[in-house]
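Encoded as structure tokens, the structure appears first; notes follow it.
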Amino acid sequence: MPTFEKISSLASCRVLWLTGLSCVSAYADTPPPTSAASETTSLSALVEHIVATNPERQFYVAEISAAKAGGRVAGKLADPELSFDLGHHRVKDPAGILMGEGTAWSVSVTQTFEWPGRLSLRKAIANRQVDLAELGLARFEQALAARARTLAFELHASQARSAAVREVADRFAELKETFLARDPAGLTPLLETRVIEAQELTLQREATEAALALHTALIELNQLRGAAPDAPMTLSRLGLAFAPAPAAGDLIQAAREKNFDYRMRRLEVEQQGFAVRLARNERYPGISVSPFVSSDDTEGRETTVGLGFSIPIPISGRAGAEVATAEARRRQAETALLIAQRDLDRAVLVAAQAYSTKTAEVSRWSPDAVGKFREAAELADRHYRLGAVPVATYVELQTSYLDAVQALLSTQAEALAAGLELQQLTGLELNLTTEKP
């Protein structure tokens, strides 16, 4: 006798619930329980609201601000240094007789001038840091939008599955009440009653777990949109549209152009290239210019005005070590880029194959397949009450109906998961979701 796989196992695979209302709308259009104050929200509006208001987004916005602040000063000379000396000056002859004393002081301003091209290199490195921060924000927004869509579909799928399980569970409960009211005599009616009771208890538990999963998804979705955890929400009806994936070559090209992780690796290589050029430039020390004024009132007033120059002497070998370090970092970045390209190509091809395979499997399902199983389950219920169908056939048809719902949900969920992954890898919009009137 076939048995219905537990709803609790579906709860451990969250992506299975992404496709709820679209695949069971023929028999489960009832929205999740909400209060009368709840308003219907479209999925696109919900995603835009979550992306715009999510508190974690401010972390990446602040990172961009910090990088831009660093870029504004990266191309400027260091601030000049002001020095002031004050002292008391005494002059004595060889016999130790004091000849005069007075105040001595000096003031100087020191400005260090960098080697030509050094400031522009620092500015280029800072600009790449800004680009990296902006890519980090874009990647977070993409992941956040995908998570919001996942949870939205999870709400619909949980409701649809809960409705299907509750329908069959209530059917078994009605039969149990009917048998108990008849006070059946004999072994066969008694055993049939126990079979019905066991199935009813199992399905009631599964329906409860499905309702709890729906509530869990609602709480997380409310947290993402900054609402109270138990705030009611009604989403407009959603559907799925599995368009054919582009050719493998087009997918790989799009991924290399738009994938956020790969673009960040390329920026890191560029940044390390500038860092190598900067390290080589810094082998030539900067020159410090110090105009100064000094005064001595020991024997009359003596004033000196001059211009000082200073330059560090590179004898420690530190500049060469910094060049070697920058070269090593650049080679690491290039290697990381090659590995990222290889991993990206593989991930794109795997996701494309999974998407094509699962969408082909979905296309083999007739649009009314689930409806036919439901009608068969209802027909078996009516004829079993009339005694024309044995209990084994009755139970098998009820569980087959639920198995069909599960199989279609699983297949569509896997196709949707592969499609969402393909979108994130390539940056292409596959238009997997549709709004139903």
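So which residues in region 320-363 are touching a Leu at 6+ places or on another chain (Cβ under 9 Å) and small (Gly, Ala, Ser), if there are any at all?
Selection gives Ala326, Ala347, Ala351, Ala352, Ala354.
For region 76-125, what are the residues that are within 30 Å of Glu282 (Cα to Cα) and assigned to a strand (DSSP E or B)? Can you show your working first?
Of region 76-125, the ones within 30 Å of Glu282 (Cα to Cα) are 76-84, 107-125.
Hits for region 76-125 are Glu81, Leu82, Ser83, Phe84, Val107, Ser108, Val109, Thr110, Gln111, Thr112, Phe113.
Do you know which residues across region 212-255 are in a loop (DSSP other than H, G, I, E, B), touching a residue at least 24 places away in the same chain (Cβ under 8 Å) and out of contact with any Asp or Glu (no Cβ under 8 Å at 6 or more places or on another chain)? Give the steps one after another, and end with the answer.
As a first pass, look at region 212-255 and keep what is in a loop (DSSP other than H, G, I, E, B): 225-233, 236-237, 241-247.
Next cut, touching a residue at least 24 places away in the same chain (Cβ under 8 Å) only: 225-226, 232-233, 236-237, 241-246.
Across region 212-255, the qualifying residues are Arg225, Gly226, Pro232, Met233, Ala241, Phe242, Ala243, Pro244, Ala245, Pro246.
Can you tell me how many residues within region 421-431 are in contact (Cβ under 8 Å) with a residue 40 or more places away in the chain and surrounded by fewer than 22 Cβ atoms within 10 Å (Cβ to Cβ)? Can you show your working first?
First, the residues of region 421-431 that are in contact (Cβ under 8 Å) with a residue 40 or more places away in the chain: 421-428, 430-431.
Within this subset, residues satisfying the condition of being surrounded by fewer than 22 Cβ atoms within 10 Å (Cβ to Cβ) are 421, 423-424, 427-428, 430-431.
Residues meeting the conditions: 7.
Taking into account only those residues within region 290-305 that are of a type in the set (Asp, Glu) and touching a residue at least 40 places away in the same chain (Cβ under 8 Å), which is surrounded by the fewest Cβ atoms within 10 Å (Cβ to Cβ)? First the steps, then the outcome.
First, pick out the residues of region 290-305 that are of a type in the set (Asp, Glu): 296-297, 299, 302.
Narrowing further to those that are touching a residue at least 40 places away in the same chain (Cβ under 8 Å): 296-297, 299.
Numbers: Asp296: 18, Asp297: 16, Glu299: 12.
Looking at the filtered set, the residue picked out is Glu299.
Name the residue that is nearest to Arg301 (Cα to Cα), counting only residues in region 52-107 that are among the charged types (D, E, K, R) and surrounded by 12 or more Cβ atoms within 10 Å (Cβ to Cβ). Give the steps one after another, and end with the answer.
Pass one, region 52-107, residues among the charged types (D, E, K, R): 56-57, 63, 68, 72, 76, 79, 81, 85, 90, 92-93, 101.
Cutting the leftovers down to surrounded by 12 or more Cβ atoms within 10 Å (Cβ to Cβ) gives us 57, 63, 68, 81, 101.
Values: Arg57: 65, Glu63: 57, Lys68: 51, Glu81: 27, Glu101: 11 Å.
Checking each candidate, the answer is Glu101.
Of the residues Ala380, Ala392, Ala376, Ala407, which is exposed (fewer than 15 other Cβ atoms within 10 Å of the Cβ) and over 27 Å from the mean Cα position of the chain (by Cα)?
Values: Ala380 fails: exposed (fewer than 15 other Cβ atoms within 10 Å of the Cβ); Ala376 fails: exposed (fewer than 15 other Cβ atoms within 10 Å of the Cβ); Ala407 fails: exposed (fewer than 15 other Cβ atoms within 10 Å of the Cβ).
It is Ala392.
Looking at Leu137 and the list (1) of a type in the set (A, V, I, L, M); (2) more than 30 Å from Glu378 (Cβ to Cβ); (3) modelled with pLDDT under 90, which single condition is not satisfied?
(3)
Right, Val276: over 25 Å from the mean Cα position of the chain (by Cα), surrounded by 19 or more Cβ atoms within 10 Å (Cβ to Cβ) and more than 26 Å from Gly427 (Cα to Cα) or not? Spell out how you get there, then give the answer.
Values: over 25 Å from the mean Cα position of the chain (by Cα): yes; surrounded by 19 or more Cβ atoms within 10 Å (Cβ to Cβ): yes; more than 26 Å from Gly427 (Cα to Cα): yes.
So Val276 passes the test.
The values are calculated or read from the model by the stated rules, or taken from the named source; none is laboratory data. Just so you know, these numbers come straight off a predicted model, no measurement behind them. Glycine also receives a Cβ, built like all others from the backbone with ideal geometry; neighbour counts cover every protein chain displayed.
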